[in-house]
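Trainee: Have a look at this one.
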Amino acid sequence: MQKVLVVDDEPQILDVVTKYLVRDGFQVSMARDGETALAAFNVNKPDLVVLDLMLPKVDGLEVFRRLRTVSAVPVIMLTAKGEEADRIVGLELGADDYITKPFSPRELSARVKAVLRRATIGTVLETGDRVLVRGALRVDPRARSVLAQDKEVELTSKEFDLLWFLAAHPGQVFTRAQLLDHVWGYEFYGDSSTVTVHIRRLREKIEQDPANPHYLSTVWGVGYKFEKMV
């Protein structure tokens, strides 16, 4: 039974979301503020976190930052319509999906299933499980590890999936919509800015000079590609 931690300061939302997730076969723990959420995460070791950004004591973004220092656990953010800036920051920190309030508990449960499924199987089915070596970059799908200039790079699940997909198709240009479809899957409800944020984070982690990328190139007006290595 997979475990989900739901963090929200509104009791009604906690109650309804928990009922739907339990009905769908998840083991659910709850927290109503940031401090309790961090403690619950350490105790319960959830497989996924549903995290509201507006929380008392420790706000959701700070909770997210602290989680990312110790874990790459998948996170679905809950945001209000006026929290676009916070949502972008959350995506930059490595959020896997987001949903805007008010939302359908059934839709949230579907997204939880989709994110957990993608985190489990990754995107290696199209290209097998061979290790990819691209210049000074080494991507191992079995270990889900990346070496850049012989140094291990720590990626979130979705960052790895995106890098793997692009590196497996060197020289091929993909639009943001195509990357959403191939990497995030059709269940993803977000917008194309998600791809932009993840590309930026990958460049910061694997490129020696992120402002002048060697691996991940922008094709203006179209999308992105992984450069062929000579």
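The values are calculated or read from the model by the stated rules, or taken from the named source; none is laboratory data. Keep in mind it's a predicted model, so treat the numbers as computed, not measured. Methodologically, a virtual Cβ is constructed for each residue, glycine included, from the backbone with ideal geometry; neighbour enumeration extends over all protein chains shown.
Trainee: Find the helices (runs of 4 or more DSSP H) located wholly in region 1-115 whose residues include 3 or more that are under 20 Å from the mean Cα position of the chain (by Cα), and list them.
Mentor: Once the helices (runs of 4 or more DSSP H) in region 1-115 are filtered for at least 3 residues that are under 20 Å from the mean Cα position of the chain (by Cα), what remains is 34-44, 60-70, 84-93.
Trainee: Only one of ARG111, ARG117 is among the charged types (D, E, K, R), surrounded by fewer than 19 Cβ atoms within 10 Å (Cβ to Cβ) and either at pLDDT below 85 or not assigned by TED's automatic domain parsing to the domain that holds PHE165 (or both); which?
Mentor: Only one candidate qualifies: ARG117.
Trainee: Mind checking whether some residue in region 63-76 is more than 30 Å from HIS182 (Cβ to Cβ), of a type outside the set (Lys, Arg) and out of contact with any strand residue (DSSP E or B) (no Cβ under 8 Å at 6 or more places or on another chain)? Full working, then the answer.
Mentor: Initially, region 63-76 is screened for residues more than 30 Å from HIS182 (Cβ to Cβ), giving 63, 66.
Next cut, of a type outside the set (Lys, Arg) only: 63.
Among the residues that remain, those that are also out of contact with any strand residue (DSSP E or B) (no Cβ under 8 Å at 6 or more places or on another chain) are: none.
Checking region 63-76: not a single residue is more than 30 Å from HIS182 (Cβ to Cβ), of a type outside the set (Lys, Arg) and out of contact with any strand residue (DSSP E or B) (no Cβ under 8 Å at 6 or more places or on another chain).
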